[in-house]
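To start, the structure under review is shown below, and the notes come after it.
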Amino acid sequence: MSAQNVTVVGMQWGDEGKGKVVDALAASSAYVVRYCGGANAGHTVVANGQKFAFHLIPCGILHPGTCNVIGNGVAFDPEVFLQELDGLTERHVAWGPDNIRVSHAANVVMSYHKLEDKLGEAALGDAKIGTTARGIGPCYADKARRSTAIRAADLICPDVLADKIRRIVEGKNKTFAALYGAPPIDAEAVIEQYVAYGRRLAPLIGNTGHMLRKALDEGQRILFEGGQGSMLDIDHGTYPFVTSSSVSACGVSAGAGVPPSAVGQVVGLTKAYTSRVGSGPFPTEQNNEIGNRLRERGREYGTTTGRPRRCGWFDAFAVRYAADLSGVHELTLSLLDVLSGFEQVKICTGYRRGGKLLEAFDASDMGGVECVYETMPGWTEDITSCKTFNELPRAARDYVSRLETLLGRPVGFISVGPGREQTISHRTKVEGLSR
Ligand code: GDP
Ligand code: IMO
Ligand code: MG
């Protein structure tokens with residue numbers, strides 16, 4: 001467990017297959033840590049033919065001996081978390097303070113945050129962000145406001161919690177009534193609900209930052225599991241159509257309570273094409289037969305909301321930006337199998353606006369851009385059983401190599417199906433991904 005730390009971060013708009021890669025790396029990691037986002041994430045692991053979809057629980061949970069941590073940067077929803085724990089019990093996966101811990105400094109998603117998320121989105125009409133309705137934005141807004149925030153530590157102090165909830169709900173009732181004409185929330189019911197959560201969660205809540213810094217001192221391997229994708233980053237994504245936390249590798253340090261040097265090797269996860277859920281710019285989107293085909297072949301329906309995902313060609317201009325932002329050492333290319341059967345595949349290499357090629361990618365200024373595409377021959381073969389790079393058809397190999405050139409870093413690992421065994425170790429230098 002003394003290999004270098006590793007950070008897994010999404011390069012696109014989320015759902016790049018992070019769950020599968022985190023599961024693969026967890027066996028060689030002492031800790032798996034979520035540092036951003038919350039139950040808006042949906043990370044899928046297919047292990048021994050069984051499918052698990054995790055929203056809050058880190059994807060190392062299926063590995064005995066690995067400790068899974070919800071960092072202070074996470075919007076922690078105790079309701080979803082406890083449901084997930086109950087789901088694990090039903091499936092005979094063991095959990096307890098030895099393998100799952102929650103930071104006492106994580107901000108808590110309250111029931112009124114979820115309500116606020118829904119009411120706010122409905123009021124925006126066509127201008128809506130298309131959130132997952134998990135209360136993420138309102139929870140982080142209260143975190144920044146401070147006086148209206150609840151932290152995990154409060155859950156285990158019932159008196160403090162009750163006082164805070166009474167005061168906060170009084171204010172929320174005024175705002176919700178004025179803004180949305182909503183009926184009042186019963187503070188006592190919220191208190192009862194969250195005190196009960198606190199009672200169950202008490203053994204798992206603690207000072208995870210200290211625990212992780214101690215692990216660093218001892219040279220134990222930590223794996224940081226990103227949520228969402230870089231283009232949804234609050235600072236560096238396609239604002240305002242983003243989520244509300246720092247999801248790139250830049251967020252690891254603040255969101256886990258470790259020094260920036262703890263990030264280790266950065267693995268950038270990218271699909272072999274692109275998908276996006278919710279509103280906002282998506283230059284390579286194919287709102288046509290190609291997009292429909294990608295959606296059906298890739299089963300592109302949201303893990304958290306079930307919404308159909310928007311699909312399109314690979315955007316190397318955007319992924320290059322995301323990889324540079326997070327200091328990505330190597331890429332993992334997932335869902336390559338989905339491209340089988342396309343006569344031609346396209347890669348966007350840059351954007352033009354008003355006929356002029358843009359020099360730099362700017363996530364905050366995507367209006368009116370047109371994609372510049374390169375077209376490559378496709379392949380027809382089913383590649384879901386390929387185990388080595390050389391078993392891939394020539395056209396697939398050329399596609400991967402072209403992406404490496406455009407993105408300026410090696411493709412270390414390739415995924416050709418949802419199963420644990422459907423992987424190809426290519427040029428990886430990350431322990432746990434090489435065979
Ligand atoms: P995450 O949010 O990044 O963890 O990704 P999701 O779990 O939301 O979405 C990825 C989906 O693709 C899941 O259903 C995975 O089981 C599936 N998947 C992962 N890798 C591959 C792959 O290489 N090929 C195919 N066909 N499916 C994959
Ligand atoms: P994983 O970790 C894909 C998107 C939502 C919406 C925007 C804001 O599974 O990759 P929010 O509820 O966060 O306020 O919604 O961000 N979004 C995701 N899209 N995968 C995710 O997570 C996402 N988490 C949030 O669809 O457009
Ligand atoms: Mg997902």
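The values are calculated or read from the model by the stated rules, or taken from the named source; none is laboratory data. Owing to the predicted nature of the structure, the values given are computational and were not obtained by experimental measurement. So basically every Cβ, Gly included, is an ideal-geometry build from the backbone, and we count neighbours across all protein chains shown. These area figures cover heavy atoms from the full protein model, side chains too; ligands, DNA and RNA do not enter into them. Shrake-Rupley method; radii C 1.70, N 1.55, O 1.52, S 1.80 Å.
Per-structure values
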{"quantity": "Cβ pairs under 6 Å, 6+ apart, first in region 97-108 and under 19 Å from V258 (Cα atoms), second among the basic types (K, R)", "calculated": "A105/R151; N107/K143; N107/R151"}
{"quantity": "Some residue of region 357-367 being among the polar types (S, T, N, Q), in contact with a Leu (Cβ under 8 Å, 6 or more places away or on another chain) and either surrounded by 19 or more Cβ atoms within 10 Å (Cβ to Cβ) or not assigned by TED's automatic domain parsing to the domain that holds T131 (or both)", "calculated": "no"}
{"quantity": "Residue identified as surrounded by fewer than 24 Cβ atoms within 10 Å (Cβ to Cβ) and either touching a Lys or Arg at 6+ places or on another chain (Cβ under 7 Å) or of a type in the set (S, T, N, Q) (or both) among Q12, Q50", "calculated": "Q50"}
{"quantity": "Selection status of R167, out of contact with any helix residue (DSSP H, G or I) (no Cβ under 6 Å at 6 or more places or on another chain), without any contact (Cβ under 8 Å) to a residue 12 or more places away in the chain, within 25 Å of V69 (Cβ to Cβ) and open to solvent by 70 Å² or more (accessible area, probe 1.4 Å)", "calculated": "no"}
{"quantity": "Yes/no for R320 being over 19 Å from the mean Cα position of the chain (by Cα), more than 14 Å from ligand 3 (Cβ to nearest atom) and among the charged types (D, E, K, R)", "calculated": "no"}
{"quantity": "Residues within region 262-294 that are basic (K, R) and either over 19 Å from G10 (Cα atoms) or open to solvent by 50 Å² or more (accessible area, probe 1.4 Å) (or both), tallied", "calculated": "1"}
{"quantity": "Verdict on V345 being assigned by TED's automatic domain parsing to the domain that holds A363 and of a type in the set (V, I, T)", "calculated": "yes"}
{"quantity": "Top-ranked residue in region 16-29 [being open to solvent by 10 Å² or more (accessible area, probe 1.4 Å) and assigned to a loop (DSSP other than H, G, I, E, B); ranked as nearest to ligand 2 (Cβ to nearest atom)]", "calculated": "G17"}
{"quantity": "Tally, over region 10-63, of residues that are of a type in the set (A, V, I, L, M) and within 10 Å of ligand 1 (Cβ to nearest atom)", "calculated": "6"}
{"quantity": "G209 assigned by TED's automatic domain parsing to the domain that holds L85 and in a loop (DSSP other than H, G, I, E, B)", "calculated": "no"}
{"quantity": "Any hit, region 190-203, residues being within 24 Å of E121 (Cβ to Cβ), exposed (fewer than 12 other Cβ atoms within 10 Å of the Cβ) and in the same structural domain as R145 (by TED's automatic domain parsing)", "calculated": "no"}
{"quantity": "Residue check, L339 in contact (Cβ under 8 Å) with a residue 24 or more places away in the chain, more than 16 Å from ligand 2 (Cβ to nearest atom), farther than 28 Å from R394 by Cα and not small (G, A, S)", "calculated": "no"}
{"quantity": "Candidates A162, A149, filtered to the one that is under 21 Å from N40 (Cα atoms), away from ligand 2 (no atom under 16 Å from the Cβ), out of contact with any Ser or Thr (no Cβ under 8 Å at 6 or more places or on another chain) and open to solvent by less than 60 Å² (accessible area, probe 1.4 Å)", "calculated": "A149"}
{"quantity": "Residue pairs meeting the criteria (Cβ under 6 Å; at least 6 apart or on separate chains; first of a type outside the set (A, V, I, L, M, F, W, C), in region 1-29; second near ligand 1 (Cβ under 10 Å from one of its atoms) and part of a helix (DSSP H, G or I))", "calculated": "G10/K18"}
{"quantity": "Pairs where the first residue, in region 286-304, is within 16 Å of ligand 3 (Cβ to nearest atom) and the second is outside any loop (DSSP other than H, G, I, E, B) and open to solvent by 30 Å² or more (accessible area, probe 1.4 Å), C-beta under 6 Å, 6+ apart", "calculated": "Y301/P308; T303/T44; T303/A53"}
